[in-house]
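Engineer: Below are the structure tokens for one structure; questions will follow.
No value in this document is a laboratory result; all are computed from the given coordinates. Please read all numbers here as calculations on a predicted model, not as lab measurements. Glycine also receives a Cβ, built like all others from the backbone with ideal geometry; neighbour counts cover every protein chain displayed.
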Amino acid sequence: MSAGRRLALALAMLGAALLAVAVLALFVGSAGLSPGAVARALAGQAGAESVESVVTLQLRLPRVVAAALAGGALAVAGVAFQALTRNPLAEPSVLGVSSGAAFGVVLAQIFGLGLSALQALGMAVFAFAGALLAAGAVYLIARVPGGLSVPTLLLAGVIVGIFFTSAITVLISVVDFDRLGGVVHWLLGNLAPIPPTALALFALLALAGFGLILRSARELNLLALGEEAATQLGVNAARLKRRVFVAAALLTGTVVAFAGPIGFVGLVVPHVLRGVLGQDNRLLVPTALVGGGVFLLAADTLARNVVAPAELSVGVITSFCGAPFFVYLLRTRYRASL
Amino acid sequence: MIPLVEFDDVAFAYPQPGRRRQAAFTLAGVSFAIEAGEVFGVIGPNSAGKTTLLRLLTRVVAAGRGEVRLDGVPIARLGHSELARQVAVVPQDTPRPFPFSVEQLVLMGRYPHGPGRFFESEIDLAQAVAAMEATGVRHLAPLPLEQLSGGERQRAMLARAVAQQPRLLVLDEPTAHLDLRYQAETAALLRQLNAGAGMTVLLVSHDLNLAAEVCDRLLLLGGGRVACVGPPIEVLQRAVLEPVFGCAVVVDVNPTSGRPAVQVAWPVAPARR
């Protein structure tokens, strides 16, 4: 089967899965609505002020969209960082990039930015700057002549992550805690409903980052040959690396600004896809967008319902999946490269 | 007639951190030309500048002085893909880790022929198959590169370069990790690509005897300068080689090919008591 047909098939299957999980997520929740009531609200037959309308259309639906977007963005960022560093364990949270973005967001909140349209943009800019700063630091620390060393890269990620987490703690301690309402919950990854304009901005930024990485997917394959060999095949390696680096930081920063630093999605989803589809980034990037959505939406639906009426942070669920998965990969498949 | 490749008084030095003033030139005043259709060899001791010469030709680094021309056009004026359609490199080592199959590797050679394309075209697929046929790796197509033996990996890398359909095929130490049989096969393959497919070949090698056998002309580099250019019979002479390599050599004639064969004149071991 040609690569194009495999991609179409995989996307069709993942799309169906996304639809199924989205429907499930719309119909279950702590409000205890009957399926009929949810269906009425979705069909627009319930009154705008009715409970089922508010719960379904203003709470659950934006949350479903945000979860799918955040999951897709994180998974694509994972694929990008893995190709860029030629390190299969690289991922926004492992590399400390999420922590950098989170620092940016806390800083933005201290300046009083919220989620209204313009302020959300400001928040995303802060998160993006934080992500770039952290990713740049990790890159500079781990760079050795001729590439990046795998163990050093992981250690650099941990160190940079710890640094920014400490910096966040300092900010929270210094500033009046009431002004940072819900920050702790948010720091664990929290897909609380986002206003429609902010959600639109989220989608726009995520798609921009995705587009840049998708456009570079074939060249990212060539980067596996090494930078010099890629250059000799006609790839402008410096420009490619810059573009993908910025795009992956944008994806990470955007997700952190609107949903918090959710960990390990960029590790789990790409690796499951690699097992099925192989290592071609042209197949991985688009399927990660949909597959990441499926994974995070499922995790968030679980987080909303497992301890209902209370709610777990979705980041807890992804970490409970991702941490053992990371250890498994470290001990089995990638033992030799460390 | 314009030669395919021209080095015109080229100098290059790697930047040396902390010692900007006294940067030692890796290459200085290098001039030579490669004619279309020939097999041209670059030989010389370690750190003579062989690899640097190759990196200058493929624009991985830019010349500090002088000019490198391809078909009369300075390569600095060519786009990355434009250059890659004309010059293909078979590197000394295969990349590691490398998660792709032989077929995927060979298809990468098609990139410069359609850099804007997301998936390869039918033509690309056909060219990749032809390149694998020509280098005898078609039966290995679905296997991961990392599972192959050293000789097979080398041929797969060669297939990738052939798929590029270049006018100039550059090989960096093609027999460095190969045993005798694969060395012989590589030599035969190079001749076939040169005579059959009409590719000009640039061979960079430590192996003086391989160079003597397959090359029409040789360039001997010593200390970043051209020590001698000419047919193997002229370059591979004791009086030329000894000052460049700094050791005594014996130059013989290979009885089957009639080409020069070089050996080290091993220092005599002290008698054991």
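Engineer: Residues being more than 7 Å from chain B (Cβ to nearest Cβ) and outside any helix (DSSP H, G or I): count how many of those fall in region A:236-262.
Structural biologist: Counting residues in region A:236-262 that are more than 7 Å from chain B (Cβ to nearest Cβ) and outside any helix (DSSP H, G or I) gives 3.
Engineer: For residues that are within 20 Å of B:VAL90 (Cα to Cα) and not hydrophobic (A, V, I, L, M, F, W, C), tally how many sit in region B:117-143.
Structural biologist: Residues that pass the stated criteria total 6.
Engineer: Something else: If we keep just the residues of region B:63-96 that are among the small types (Gly, Ala, Ser) and more than 18 Å from the chain's Cα centre (by Cα), which is nearest to the other protein chains (Cβ to nearest Cβ)?
Structural biologist: Just the residues of region B:63-96 that are among the small types (Gly, Ala, Ser), to begin with: B:63-64, B:66, B:72, B:76, B:79, B:81, B:84, B:88.
Okay, now just the ones that are also more than 18 Å from the chain's Cα centre (by Cα), so B:63-64, B:66, B:72, B:76, B:79, B:81.
On the way: B:ALA63: 16, B:GLY64: 19, B:GLY66: 21, B:GLY72: 21, B:ALA76: 14, B:GLY79: 8, B:SER81: 4 Å.
For region B:63-96, the residue satisfying everything is B:SER81.
Engineer: Of the conditions (1) in contact with a strand residue (DSSP E or B) (Cβ under 7 Å, 6 or more places away or on another chain); (2) outside any helix (DSSP H, G or I); (3) more than 12 Å from chain A (Cβ to nearest Cβ), B:THR175 satisfies every one except a single condition; which number is it?
Structural biologist: Condition not satisfied by B:THR175: (1).
Engineer: Sticking with this one: Which of (1) surrounded by fewer than 21 Cβ atoms within 10 Å (Cβ to Cβ); (2) at the interface with chain A (Cβ under 9 Å from one of its Cβ atoms); (3) under 19 Å from A:ALA237 (Cα atoms) is the odd one out, the single condition B:MET108 does not satisfy?
Structural biologist: Unmet for B:MET108, out of (1) surrounded by fewer than 21 Cβ atoms within 10 Å (Cβ to Cβ); (2) at the interface with chain A (Cβ under 9 Å from one of its Cβ atoms); (3) under 19 Å from A:ALA237 (Cα atoms): (1).
Engineer: Please work out which residue is farthest from the other protein chains (Cβ to nearest Cβ), limiting yourself to region A:217-235 and to residues that are buried (at least 24 other Cβ atoms within 10 Å of the Cβ) and small (Gly, Ala, Ser).
Structural biologist: Among those residues, the one meeting the criterion is A:ALA230.
Engineer: Right, here's the next one. So in region B:111-124, with the set limited to residues that are more than 7 Å from chain A (Cβ to nearest Cβ) and outside any loop (DSSP other than H, G, I, E, B), which one is nearest to the chain's Cα centre (by Cα)?
Structural biologist: So the first thing to find is which residues in region B:111-124 are more than 7 Å from chain A (Cβ to nearest Cβ), and the list is B:113-114, B:116-117, B:120-124.
From what's left, outside any loop (DSSP other than H, G, I, E, B): B:113, B:122-124.
Numbers: B:HIS113: 22, B:GLU122: 30, B:ILE123: 27, B:ASP124: 24 Å.
Only one residue tops the list, namely B:HIS113.
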